[in-house]
Amino acid sequence: MALKLLQVTAPIAAETTVRKLAEKEGVIAFYKECETDDDHAVFSFLTDAANRQALVDTLQEMTSLSPKFRVNILPVDTTIPEAGSAITADTREELNAKMAKGALLDFNYMLLTFLSTLVALIGLLQDNIAVVIGAMVIAPFLGPNLAFAFGTSLGDKPLMVDAFKTGTVGVGFACFTAALFGYFWPAVPASEELIARTTIGLDGVALAVASGVAGVLSLTSGLSMTLVGVMVAVAILPPAVTFGFMAGAGEFKLAYGALLMVSVNIVCVNLSGLMVFLAKGITPRRWFERRMAKPFVLGGIVIWSILLVLLIVAIRLPLA
């Protein structure tokens with residue numbers, strides 16, 4: 001969303017500073033809304049994407065002025081007359097709030113994982129691509145993968161841990177559920193959709209890379225990520241379900257191929273996501289935070305790259 005309203009609650013004594021800040025950052029409109037009973041006032045800044053992040057960063061330096069200091073970021077659908085550029089982008093703080101939700105491991109996440117796994121199994125076993133697509137619409141795997149890449153770009157260890165835990169539990173639960181079905185299923189059906197997930201080529205790698213790039217671009221632009229979530233689910237859910245089903249059915253050679261596919265896809269989504277976050281300039285606010293985040297960023301790039309190379313080698317080597 002191009003235009004957003006920053007509602008700032010600050011001490012009345014800081015009004016001059018706040019007004020100078022509005023002039024310095026070149027906001028579209030600035031006005032004082034009201035004064036409160038506790039010697040504070042509410043100020044509003046109408047901003048576009050071009051100056052919003054710099055303004056938010058500067059405002060955060062003023063939090064020490066009062067324990068009641070607060071910045072609220074509100075969406076603006078339109079303004080008359082028209083103002084601002086057509087560029088859409090979210091601030092680091094807005095992205096962080098979205099990522100925290102995506103990394104949340106709760107009942108809804110587990111329920112969506114179970115339902116999407118069940119629907120994907122039905123589609124794969126019946127060789128019904130429409131049902132498989134339906135499963136990918138409700139699969140919740142976009143959030144933890146992008147949250148991990150985002151946390152890595154900021155050196156946010158708690159977010160990385162939460163995202164890793166949520167992603168691992170989700171994929172693991174999908175594989176376990178599918179393995180139970182595979183164990184009790186009479187025989188592996190002759191399903192093209194199922195067998196197709198037991199081999200991977202460079203086209204699968206390209207799909208995963210495109211999913212990660214599209215996910216971050218949609219996220220940082222403030223656009224809907226529903227379709228991108230489907231893309232990530234395409235890369236992760238069907239091969240994860242296939243791996244679990246084949247392992248449960250005792251078809252370990254086919255399960256190995258599916259495991260390679262889901263592993264390559266997860267690595268590519270995270271690596272491409274991290275690279276795009278860096279290209280978009282998503283970094284910590286303070287210089288010392290950027291310095292502390294550097295080992296996480298470099299380590300993430302190196303580890304994901306090494307894993308990708310090893311997986312490509314494993315793909316090229318035939319399984320005896």
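Remarks
- Heavy-atom accessible surface of the chain: percent carbon and sulfur, 1.4 Å: 66 percent
- Cβ-derived FRET efficiency at R0 30 Å, Lys101 paired with Lys68, nearest 0.05: 0.70
- Look at the Cα gyration tensor of the chain: its axes a ≥ b ≥ c give a/c of at least 1.5 with a/b over b/c, and that counts as prolate.
- Applying both filters, DSSP loop and at most 15 other Cβ atoms within 10 Å, to the trypsin sites (Lys or Arg not before Pro) of segment 279-320 gives Arg285, Arg286.
- Segment 52-169: relative contact order as a whole-number percent, Cα under 8 Å and 6+ apart: 23 percent
- Pairs spanning more than 24 Å between alpha-carbon atoms, out of Lys157/Lys294; Lys101/Lys280; Lys68/Lys280; Lys101/Lys157; Lys4/Lys101; Lys4/Lys165: Lys68/Lys280; Lys4/Lys165.
- Rounded tilt (10° steps) of 252-279 against the dominant C-alpha axis of the chain: 20 degrees
- The C-alpha atoms of the chain define a longest principal axis, and helix 287-316 lies at about 20 degrees to it.
- Rounded, prolate or oblate (a/c below 1.5 giving rounded, otherwise prolate when a/b exceeds b/c) for segment 1-134 by Cα gyration tensor: prolate
- Distance between the 7 Å Cα→Cβ label points at Thr58 and Phe184: 6.4 nm.
- On the beta carbon distance between Leu112 and Glu82, with R0 = 41 Å, the FRET formula returns roughly 0.55.
- Choice from Met62, Met261, Met275 showing the highest fluctuation, given a GNM over the chain with Cα pairs closer than 10 Å: Met62
- Springs join every pair of Cα atoms under 10 Å in this Gaussian network model of the chain, and among Glu193, Glu33, Glu94 the largest mean-square fluctuation is at Glu33.
- If you take all other residues with their beta carbon under 14 Å from the beta carbon of Leu3, and give Lys and Arg +1 and Asp and Glu -1, the sum is -3.
- Near Pro239, once Lys and Arg are set to +1 and Asp and Glu to -1 for all other residues with Cβ below 13 Å from its Cβ, the sum equals 0.
- Shape category assigned to segment 119-199 from the gyration tensor of Cα positions, a/c cut at 1.5: prolate
- If you wrap segment 230-282 in the convex hull of its Cα atoms and look at it from every side, the mean projected area works out to 3.7 nm².
- Mean accessible surface per residue for the chain, computed with a 1.4 Å probe while every protein chain stays in place, in Å²: 49 Å²
- Within segment 256-302, the percentage of alpha carbon pairs spaced more than 13 angstrom apart rounds to 64%.
- Neighbours of Arg285, meaning other residues whose beta-carbon lies under 13 angstrom from its beta-carbon, give a summed charge of -1 when Lys and Arg score +1 and Asp and Glu score -1.
The values are calculated or read from the model by the stated rules, or taken from the named source; none is laboratory data. Predicted, not measured: the structure shown is a model, and the values here were computed from it. Counting neighbours? That spans all protein chains shown, and the Cβs are built from the backbone with ideal geometry, glycine included. These accessible areas exclude ligands, DNA and RNA; they are computed on the full protein's heavy atoms, side chains included. Shrake-Rupley method; radii C 1.70, N 1.55, O 1.52, S 1.80 Å.
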